[in-house]
Amino acid sequence: MSPMTLSEKTATRTYGLLASRVSETLGSVLRTGQPPRPEERELLSNGESLLEQFIVGSRLVEGDKFRKDELAPRPDAIKAFRHALFTLQVLQRVGADEKVTTTLREIRKALAEIRQAHSMDQIDQERAVSVASFFTALASLLCDDLARTKLEDGAPQRSTNSVTPGGTTSRVF
Amino acid sequence: MELPQEFFDSYVGDCIGRCRAVEERSAAIASSEFPSANPRKFAQLIGRIAGTLARELEKSHPRYAGDPSNVLNIIRFIDDFVQELGADLRYAEGAVTAKLPWSLTRPLEDLIARYLPMRKVMLRPQWKHNYSIIIDDLGRLYRDELRNLIAQHELSRVFADFPEGFHIVSFPSIERKNALLHCDLAHEIGHLVAELFLESEKADYLIDFRERIVQQTREESRDKPLPPLWEQQEIIDRLDRAALIRRRGLEELISDIFAVRALGPAALLALLGIAAGQSPDLTPDEKSAFYPPWRTRLRFALQALEDGGLRPPKPPDSKFPFMADIQRELNNALTRLREIVDVESDRRSIDEDWLVRLAYESISATMPGVRGFLDREYGPRFPSPDSLFDQAYRLVPRLWDGVPPNELGEGSDTRPAALESILNAAWFYRVTFLKDPVAQAAGAVRPDLRVLNRLTLKAAELAYIQGRYREWVEAAKK
């Protein structure tokens, strides 16, 4: 595993914080029996945007065609999709022959329905639990990534035999 | 794994303590003496963020009992952020006046403002012997992290008076007074230009990469096809790697080309100063952190010099007896460099790995677009070759006499020299008169390398002050 760059670390924390907050919000909606408040809707909307990034990466890898009016894939989408795929694998939510894009679109659709709900009757509780568990698992995986980086940083170093190039937190010559 | 409540309480207490420590340390650092306003603003921003995070930790703590998994994750992400902020304070701590080539700080800021007016750069030393830049806008990175934690109005308060487009450029500490090597800073600024190009280009190459990677992956496993999920994993890894190789290649090549167009031969010679100590043909893979081979970089840089009309022309008429020698020695150096890059061993290193080859084919196809982008966006701001060489040639006699090469003209009819001309004059002097490495360190009658560097730094400072003074006089006349 190559060392995380500064922007990768930031992205890991940013995605992780967002995923945790989305899951916490969904849990709160289910516990209190109240549909999301305006500030919570904004947070859930950010969660949908994150899922959209995953979907772009997933479509690229699966060879889907992009229309001209669509968000074109960026290299970052590949990394983002990797996080989503690991999460689905951990949750055993994707079968060997299943398209990951389909699964991610279902999660995004369920999250959008919760965000738009004005009463609890409009929320499928089982699906809400399922979406929350996706975001909790995603946040936990990202947390593990950060922990691994910290362990790498803290591992004892030998004063000789240092042939590995330094971390690419920035661009050097 | 969730924590028992008492352990969790203790952990949150530690995190809040870290926030307070970062706040205090940032306040202490902000009171240091800096050569520009940027380091102080940076230290103060970190202090404000740490204070905000402490309050968020206090607010998150009571929610643990209701949702331990998510709240613990939130606290851990915040804690990691605080620890990162604490480490980032080292950038401001190192940027104090005494540790910088302070003569160069303000002229460099002016140079950056000419090409990238919306960017701010903070210069700082690092103990590693390398130049580097944090390409990301640090303010934006911090802001993105906070966005999911605090309300917009609070975010605006934290970032009030902090500039957008904030970057940190590092130089090797032991080279603080090496003005000639600091021409490599132009390459670091070039990374910001490279980033603008990469953000602006269409990512159609990714779709092409994907097709080629799927084809190759299926070809490799024709006898025993991979299960779809495994195949997908393989495609992700290879696509990510190819995109990274391409990106890293373009970043370095664009930065080199920009540096050469902005500083002329001085940038190329300073680049060579770093390249000379490293193997020229390393494959751009994980082991070399995906850097393009040096020979490839020098080939593109030399080409940029020639394309930009920056080969040394005939020098101006002068009483100085060695003008023709300067031109001859510079052209000799460029000819020797041409001989190095005419060898094609770097291309073989690239062709060894099909994924590297794929990335570099895309780089080659992109380079005309890069040149067009640089001409279109920065062409009028690059120094004109005629003016650059005329000034640089005329400044060399001052160095010969041990005088800082800060101005042109005589008597009361003088004008400050451009920074680019000063730096080139220094390199012209070195290439012509300091070829013997022993003499470079000995200190004879004429300036040796050590004195040359000091004269160059002083000239940059004097020219900057003189330029500002003239602006002030002109403004006062109006």
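At a glance:
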| item | result |
| --- | --- |
| The stretch B:47-63 residues that are within 24 Å of residue B:162 (Cα to Cα), paired with ones that are of a type in the set (S, T, N, Q) and surrounded by 20 or more Cβ atoms within 10 Å (Cβ to Cβ) (beta carbon under 6 Å, 6 or more apart) | B:47/B:26 |
| Condition met for residue A:82 (more than 21 Å from residue B:72 (Cβ to Cβ), touching a helix residue (DSSP H, G or I) at 6+ places or on another chain (Cβ under 7 Å) and touching a residue at least 24 places away in the same chain (Cβ under 8 Å)) | yes |
| Which listed residue, of A:107, A:114, A:55, A:78, is more than 12 Å from chain B (Cβ to nearest Cβ), under 30 Å from residue A:150 (Cβ atoms) and either of a type outside the set (Gly, Ala, Ser) or part of a loop (DSSP other than H, G, I, E, B) (or both) | A:107 |
| Filtered residue count, the stretch A:18-46, keeping only those that are facing another protein chain (nearest Cβ under 10 Å) and not β-branched (Val, Ile, Thr) | 14 |
| Selected residue [in contact (Cβ under 8 Å) with a residue 60 or more places away in the chain and within 11 Å of chain A (Cβ to nearest Cβ)] from B:145, B:154 | B:145 |
| Number of positions in the stretch A:3-50 that are touching a Lys or Arg at 6+ places or on another chain (Cβ under 7 Å) and not in a loop (DSSP other than H, G, I, E, B) | 5 |
| Single residue of the stretch B:239-248 satisfying the filter (touching a Lys or Arg at 6+ places or on another chain (Cβ under 9 Å) and farther than 12 Å from residue B:205 by Cβ) that is surrounded by the most Cβ atoms within 10 Å (Cβ to Cβ) | B:248 |
| Residue pairs meeting the criteria (Cβ under 8 Å; at least 6 apart or on separate chains; first over 27 Å from residue A:64 (Cβ atoms), in the stretch B:191-211; second among the polar types (S, T, N, Q)) | B:191/B:255; B:193/B:255; B:194/B:255 |
| Hits in the stretch B:289-336 - residues which are aliphatic (A, V, I, L, M) and either within 20 Å of residue B:425 (Cα to Cα) or at pLDDT 95 or above (or both) | B:298, B:301, B:302, B:304, B:305, B:310, B:323, B:324, B:326, B:330, B:333, B:334 |
| Residue that is under 25 Å from residue B:114 (Cα atoms) and either facing chain A (nearest Cβ under 9 Å) or of a type in the set (A, V, I, L, M) (or both), where the choices are B:275, B:267 | B:267 |
| Which listed residue, of B:279, B:318, B:288, B:345, is more than 24 Å from the chain's Cα centre (by Cα), over 30 Å from residue B:417 (Cβ atoms) and among the polar types (S, T, N, Q) | B:345 |
| Failed item, numbered, when residue A:88 is tested on (1) among the aliphatic types (A, V, I, L, M); (2) away from chain B (no Cβ under 12 Å); (3) within 14 Å of the chain's Cα centre (by Cα) | (2) |
| Qualifying position, being buried (at least 21 other Cβ atoms within 10 Å of the Cβ), in a helix (DSSP H, G or I) and aliphatic (A, V, I, L, M), among B:43, B:21, B:87 | B:43 |
| Leading residue by the ranking (surrounded by the fewest Cβ atoms within 10 Å (Cβ to Cβ)) among those in the stretch B:90-101 that are more than 18 Å from the chain's Cα centre (by Cα) and under 11 Å from residue B:35 (Cα atoms) | B:98 |
| The one condition in (1) assigned to a helix (DSSP H, G or I); (2) surrounded by 20 or more Cβ atoms within 10 Å (Cβ to Cβ) that residue A:89 fails to fulfil | (2) |
| Criterion: within 30 Å of residue B:374 (Cα to Cα), in a loop (DSSP other than H, G, I, E, B), away from chain A (no Cβ under 11 Å) and under 27 Å from the mean Cα position of the chain (by Cα) - qualifying residue of B:117, B:107, B:125 | B:117 |
| Residue B:133 without any contact (Cβ under 8 Å) to a residue 60 or more places away in the chain and in contact with a Ser or Thr (Cβ under 9 Å, 6 or more places away or on another chain) | yes |
| Condition broken by residue A:33, with the remaining ones in (1) within 15 Å of the chain's Cα centre (by Cα); (2) more than 25 Å from residue B:208 (Cβ to Cβ); (3) in contact (Cβ under 8 Å) with a residue 60 or more places away in the chain satisfied | (1) |
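The values are calculated or read from the model by the stated rules, or taken from the named source; none is laboratory data. All figures in this text were calculated on a predicted structure; none of them were measured in a lab. All Cβ positions, even for glycine, are placed from backbone atoms using ideal geometry, and neighbour counts span all protein chains on display.
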